[in-house]
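Q: Let me begin by handing over the structure; questions about it come next.
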Amino acid sequence: MSDPSQSRYEVVIGLEVHAQLRTESKLFSPAPVRYGEPPNHSVHPICLALPGVLPVLNARAVELAIRAALATHCSVHEQSVFARKNYFYPDLPKGYQISQYEDPIATGGWLDVPQEEGAAPHRVRLTRIHMEEDAGKSIHDPAIVGSDATWVDLNRAGVPLLEIVSEPDIRSPAEAVAYLRTLRSVLRYIEVCDADMERGNFRCDANVSLRRQGETRLGTRTELKNLNSFRFVEAALEAEIERQAGLLDEGRAVEQATMAFDPATGRTRVLRLKEDADDYRYFPDPDLVPLVVSAEQIERVRQSLPELADAKCARFEREYPLSAHDARQLTESRVLADFFEAAVAGHGDAKSVANWILRDVLRALKEQDLEIEAAALTPEALAKLLRLVDEGKTTAKSARALVPELVLRGGDPEAMVRERGLEAVSDTGLLERTVDEVIAAHGPDVRRYRSGEKKVMNFLMGRVMQRTQGKADPSAVREILRSRLEGDDPR
Amino acid sequence: MAKATVAALRAALDAGQQSARDLTEAALARAKSTQSSLRAFIRLREEGARADAAAADARREAGCVRSALDGIPVAIKDNIAMRDEVVTCASPILEGYVSPFSATVVEKLGAAGAVVIGSTNMDEFAMGSSTEHSAIGPSANPWNRKCTPGGSSGGSAAAVAAGIVPVALGSDTGGSIRQPASFCGVVGVKPTYGRVSRWGLVAFASSLDQIGVLTRTAADAAAALEVIAGHDERDSTSVPQPVPRYTDALTQDVSGLVVGLPEEYFVEEGVDPEVLASVREAVGELERAGARLRPVSLPHARYAVATYYLIATAEASSNLARYDGVRYGHRAAGAHGLSDLYRRTRSEGFGAEVKRRIVLGTYVLSAGYYDAYYRKAQQVRTLLRGDFERAFAGCDVLATPTTPEVAFALGEKTDDPLRMYLSDVYTVSANLAGVPAISVPCGLVRGMPVGLQLIGAPLDEATLLRTADAFERLAPQHVCEPPDPT
Amino acid sequence: MAHITRGEVEHVVALARLSLTPPEIDRMAREIDAILDYVETLRAVDTTGVSPTSHVIPLATPLREDRADDPIDPELAVANAPEHEGSAFVVPAVIEGEEEG
């Protein structure tokens, strides 16, 4: 969307992502991390902040934090400190959140965000990554709770989060979305976070300000919160940029504020002015000791990191080989990439496997609203299906028709071909007889072909395919028809 | 029988002269008969205690005695959680709150077979030095009912001094076990920070709080501490070192023991001269028994009270933020909206002293003041810890008075918070440094008990208990009874 | 010279979600001022290069294995609640954005 205001001003965007870590239990309590439970069905005295409880740090959360930090090229600090962030809100049971403040677990780092086709990726630097616990949920919807109340559900209170803060290096709403996609892909690749915005385990706040082109000082920024989809992120940023540009055009100042985006109106509005900087009274949590991670532990995690997307993409292009476009699509998700490689191991023709996955499997997934992780189709089954086509045991068309079912329910392609009578008719004798029948039945068309209307071949092909219920191998049929029609063997 | 020690009660149980049920009934009866004059307890747990006592008797019958405390009636301070029991920290804001879990120390007492007969009175949220800041009213000192028993574990001290139970748990953040022990003429132990689990102790100041014991003798303290101490996975500040058998350390031998006397704690100013004389005499007894006295210096000791009040109130202001009327405890009626609910609930639910400390603590952490107050205090704390390390390089224990005065009158200091805070002058430094300390009775001044404080190196409770036990035997006249309160 | 003004006390009282009457605020200001006056003695201590104590006893970071325990009975979770609807806690309606601070 080319917006005149964006060319007058330079847009400066920084993003804060809260990513929920994939752990079984919470950050400081052994309560289970579960999604979709009724209120307070997944809590422990620690989550409820009962008098006398104490926090104990989850080992796996630390490991996942280190993994994320290494995968984004951050420096992992051997000592970091948990600090209390003090404020009052009903979904914050202790009246403070255990987070990290002056001494986070990781700082520095970057993500290379892909740009338009052909352009070099843009490097967005990361300021820091730190660990903190999530708050619970306040339920405001009057339809559920009535007009005078708010319900508090602490299932989510204490769930481990990584806060990933970028430098204000992002220059457009589109780039913001690209950054989020890249970050999401990395976090999924290393299995640190499911990164599903709809389920709320990947949340984004955006800070945006404008300045005149060429100006080096930052303008006053506003903060956009509660953006729960990539579409909203982009739309909210565009709306806020327009609003700020309008103010600046009139010579008015932008006030520091927290903004909400209303998708119905497409506009942003002020939720809260930030006149007083919030006084969270951070101090090191005296119930916890500093987190010390050894250089050995960091190295161990580094060794265990899987091959990341960009390395894998480059390797796919080089090794199989694949086109840059195909490689990028296949490596977008590690599960998809692994699927591809397993299928190639079973089949051998990388290009063919790539085509089938990108064309047929992905389409079937999309139609059935599934992710590749949920597909019942195995790489071995796909390889087998392709071999059946190669060996002429079934036609490509029949095979393609089986893909949706294989994706949804799985199964053995060979058995399915047999059960549904999809065996290709490859018996040459039968094919020749069928071709002859068609030629005999369509004399005028045959004459038209021989007089130069080569397009008639398709019609005659169609007749043959129909008589064989589509099971004839089209290329064999075409060959036989052609030789009959062109007089290799005139009848 | 009522005023016996753990050792004596145990002997009676072993000999079949008394049953656990007898002991529990006697304890409950004495608690009730002294309640109007002493108010040591905030709540009794009669049904539970009777059931536990019956179980103890059954065990003894079957020959399965669990420990030295099996069948012995004990009390816990009202800031220690016990499953399915009310715990309020003597605060209106927790009225009626029932804990669904037990503190680790309570679990350990249960595993040892001890019978918890009830919860003792205290200053609200452990903030105080006189047990006058309690929602149910003050406790009294069994030696003189017009005087305070000290605080904040005043109820526990009174319960032991009056012979209701031989062992009571308390908590000590700036002296809250040792000072009441001194005022009531009983033994009080604050362990090394991290020696006893804080899981289930309602937090006041997390980096200073420790649960400890009040008993009639050092030997009883050793037995009780052995039961409640130990590493706990549920407490991240719990030390992993195994617990020595403290009862085995009571050799009564102090020959060669080097006792340091911090010169900053033996100045004449600010202390009752008779108290100081009594403590000097006590230290002289140790010397006569073979200990060597040595002057030491803790140069930063004079900053300890100021340092303590900045750190403790800061941590407390954060620890008490959870009392908001949302999930448990008192909720104000008639509030207009959420902010109003918070303000009304907390203003109704907290007493004046608690509010004062929350305000001070919030201020100390607030933007612009954090560096000058909180951070500065934590730096001075580091220096004070260094002072202790140097002192212990040349000494086994340090000896000081426990308090600058004997028990003061009820109402005497309630109008002057600063004056109240200054009575902690000898005790707060041990909490700041995290080192263990014990108060043992060492005499009477004008009819009121005086306490000798011994401070030990980290995790060296054994030497403290050995010295205290030896001192008791050298000067047995100090293990004495207050006049009968009933 | 006052270390803390009446206005600052009011601000801190609000931050701590307390509410005091004007005489109570005056009294609180005086008491806190006296305490801060006493605390001024710390200014004299040379703390250059001294790290603040974070923990008195050095400890290796205790870590808990990532294994979920059974959650507590939801009825027990709200058993002490002054107001609840089923297993949810109930508070007066919160205006969205009336967060924090």
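Q: Please specify each residue of segment B:280-296 satisfying the condition of being part of a helix (DSSP H, G or I), touching a residue at least 24 places away in the same chain (Cβ under 8 Å) and open to solvent by less than 30 Å² (accessible area, probe 1.4 Å).
A: B:A282, B:V283, B:L286 - these are the residues of segment B:280-296 that are part of a helix (DSSP H, G or I), touching a residue at least 24 places away in the same chain (Cβ under 8 Å) and open to solvent by less than 30 Å² (accessible area, probe 1.4 Å).
Yes/no matrix, rows are residues, columns are (1) surrounded by fewer than 17 Cβ atoms within 10 Å (Cβ to Cβ); (2) within 30 Å of A:V56 (Cα to Cα):
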{"residue": "A:L288", "(1), (2)": "no, yes"}
{"residue": "A:E299", "(1), (2)": "yes, yes"}
{"residue": "A:S304", "(1), (2)": "yes, yes"}
{"residue": "A:E319", "(1), (2)": "yes, no"}
{"residue": "A:A375", "(1), (2)": "no, no"}
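Q: Looking at C:R64, is it more than 8 Å from chain B (Cβ to nearest Cβ) and not hydroxyl-bearing (S, T, Y)?
A: Here the answer is no, as C:R64 does not meet what is asked.
Q: Surrounded by fewer than 24 Cβ atoms within 10 Å (Cβ to Cβ), facing another protein chain (nearest Cβ under 7 Å) and in contact with a Ser or Thr (Cβ under 9 Å, 6 or more places away or on another chain): which single residue out of B:R343, B:R390 fits that description?
A: Answer to the check: B:R343.
Q: Another question, then. Could you grab me the full set of residues in segment A:248-279 that are facing chain C (nearest Cβ under 8 Å) and either open to solvent by 50 Å² or more (accessible area, probe 1.4 Å) or in contact (Cβ under 8 Å) with a residue 24 or more places away in the chain (or both)?
A: A:T258, A:A260, A:L271, A:R272, A:D276, A:D278, listed by residue number.
Q: Look at segment A:18-41 and say how many of its residues are of a type in the set (G, A, S) and out of contact with any strand residue (DSSP E or B) (no Cβ under 8 Å at 6 or more places or on another chain).
A: Adding up the residues that qualify gives 2.
Q: Tell me which residues, restricted to segment C:77-91, are surrounded by fewer than 17 Cβ atoms within 10 Å (Cβ to Cβ) and facing chain B (nearest Cβ under 10 Å).
A: Result: C:A79, C:E83.
Q: Mind listing just one residue for me: the one in segment A:126-175 that is of a type in the set (D, E) and assigned to a loop (DSSP other than H, G, I, E, B) and, of those, farthest from A:I98 (Cα to Cα)?
A: Among residues in segment A:126-175 that are of a type in the set (D, E) and assigned to a loop (DSSP other than H, G, I, E, B), the one farthest from A:I98 (Cα to Cα) is A:D148.
Q: Let me confirm something: among A:A71, A:A59, A:A31, which residue is modelled with pLDDT of 95 or more, buried (at least 23 other Cβ atoms within 10 Å of the Cβ) and either touching a helix residue (DSSP H, G or I) at 6+ places or on another chain (Cβ under 6 Å) or among the small types (G, A, S) (or both)?
A: A:A31
Q: If you don't mind, another one. Are any of the residues in segment A:293-312 under 30 Å from A:V11 (Cβ atoms), among the charged types (D, E, K, R) and assigned to a helix (DSSP H, G or I)?
A: There is at least one residue in segment A:293-312 that is under 30 Å from A:V11 (Cβ atoms), among the charged types (D, E, K, R) and assigned to a helix (DSSP H, G or I).
Q: Consider A:V11 carefully, then state whether it is open to solvent by less than 10 Å² (accessible area, probe 1.4 Å), assigned by TED's automatic domain parsing to the domain that holds A:S209 and in a strand (DSSP E or B).
A: yes
Q: Within the set of pairs 6+ apart or on separate chains, which have a first residue in segment A:103-127 that is touching a residue at least 40 places away in the same chain (Cβ under 8 Å) and assigned by TED's automatic domain parsing to the domain that holds A:P173, a second that is charged (D, E, K, R) and assigned to a loop (DSSP other than H, G, I, E, B), and C-beta atoms under 6 Å apart?
A: A:V124/A:D169; A:R125/A:E167; A:R125/A:D169; A:T127/A:E167
Q: Condition first: out of contact with any Pro (no Cβ under 9 Å at 6 or more places or on another chain), within 14 Å of another protein chain (Cβ to nearest Cβ) and over 30 Å from A:L210 (Cβ atoms). Can you find one or more residues in segment A:335-346 that meet it?
A: No, segment A:335-346 contains no residue that is out of contact with any Pro (no Cβ under 9 Å at 6 or more places or on another chain), within 14 Å of another protein chain (Cβ to nearest Cβ) and over 30 Å from A:L210 (Cβ atoms).
Q: A follow-up question, please. Name the residue that is farthest from B:T362 (Cα to Cα), counting only residues in segment A:271-287 that are modelled with pLDDT of 90 or more and not in a loop (DSSP other than H, G, I, E, B).
A: Only one residue tops the list, namely A:P284.
Q: Considering segment B:225-278 alone, what residues qualify as being among the charged types (D, E, K, R) and more than 14 Å from chain C (Cβ to nearest Cβ)?
A: Within segment B:225-278, B:E226, B:R245, B:D248, B:D253, B:E263, B:E268, B:E269, B:D272, B:E274 meet the criteria.
Q: Go through segment B:69-89 residue by residue and tally those that are open to solvent by less than 10 Å² (accessible area, probe 1.4 Å), among the hydrophobic types (A, V, I, L, M, F, W, C), in a loop (DSSP other than H, G, I, E, B) and within 19 Å of B:E46 (Cα to Cα).
A: Number satisfying all stated conditions: 4.
Residue-wise test of (1) within 16 Å of B:L44 (Cβ to Cβ); (2) within 12 Å of the chain's Cα centre (by Cα); (3) of a type in the set (A, V, I, L, M, F, W, C); (4) surrounded by fewer than 24 Cβ atoms within 10 Å (Cβ to Cβ).
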{"position": "B:S139", "(1), (2), (3), (4)": "yes, no, no, no"}
{"position": "B:P142", "(1), (2), (3), (4)": "no, no, no, no"}
{"position": "B:T148", "(1), (2), (3), (4)": "no, no, no, no"}
{"position": "B:G151", "(1), (2), (3), (4)": "no, yes, no, no"}
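Q: Between a first residue in segment B:437-450 that is assigned to a strand (DSSP E or B) and at pLDDT 95 or above and a second residue that is crowded, with 24+ Cβ neighbours inside 10 Å and of a type in the set (K, R), which pairs have beta carbons less than 7 Å apart while being 6 or more apart in sequence or on different chains?
A: As it stands, the answer is B:A437/B:R178; B:A437/B:K190; B:S439/B:R178, since those pairs meet every condition given.
Q: Being of a type outside the set (K, R) and facing chain C (nearest Cβ under 7 Å) is the filter here; which residues of segment B:351-372 pass it?
A: Selection gives B:I358, B:V359, B:L360, B:T362, B:Y363, B:S366.
Q: From A:V159, A:V165, A:V177, grab the single residue that is away from chain C (no Cβ under 14 Å), under 22 Å from the mean Cα position of the chain (by Cα), within 22 Å of A:I66 (Cα to Cα) and open to solvent by less than 40 Å² (accessible area, probe 1.4 Å).
A: Just a single option satisfies the conditions, and that option is A:V165.
Q: Among the residues of segment B:236-254, is there at least one that is among the small types (G, A, S), crowded, with 22+ Cβ neighbours inside 10 Å and in a loop (DSSP other than H, G, I, E, B)?
A: So far as segment B:236-254 goes, yes, one or more of its residues are among the small types (G, A, S), crowded, with 22+ Cβ neighbours inside 10 Å and in a loop (DSSP other than H, G, I, E, B).
Q: Right, here's the next one. For the subset of segment B:312-332 comprising residues that are in a loop (DSSP other than H, G, I, E, B) and not basic (K, R), which member is most open to solvent (accessible area, probe 1.4 Å)?
A: Restricting to residues being in a loop (DSSP other than H, G, I, E, B) and not basic (K, R), the top hit is B:H330.
Q: Restricting segment C:30-54 to residues that are at the interface with chain B (Cβ under 7 Å from one of its Cβ atoms) and assigned to a loop (DSSP other than H, G, I, E, B), which is surrounded by the fewest Cβ atoms within 10 Å (Cβ to Cβ)?
A: Here the answer is C:S51.
Q: Do we have any residue at all in segment A:141-151 that's within 14 Å of chain C (Cβ to nearest Cβ) and among the charged types (D, E, K, R)?
A: Yes, segment A:141-151 contains at least one residue that is within 14 Å of chain C (Cβ to nearest Cβ) and among the charged types (D, E, K, R).
Q: Kindly provide the set of residues from segment B:297-311 that are open to solvent by less than 10 Å² (accessible area, probe 1.4 Å) and more than 9 Å from chain C (Cβ to nearest Cβ), ordered by number.
A: Listed by number, the residues that qualify are B:L298, B:A301, B:A304, B:Y308.
The values are calculated or read from the model by the stated rules, or taken from the named source; none is laboratory data. Note that this is a predicted model, so its numbers are computed, not measured. Cβ: placed from backbone, ideal geometry, glycine included. Neighbour counts: every protein chain shown. All accessible areas refer to the heavy atoms of the entire protein, side chains included, with ligands and DNA or RNA removed. Shrake-Rupley method; radii C 1.70, N 1.55, O 1.52, S 1.80 Å.
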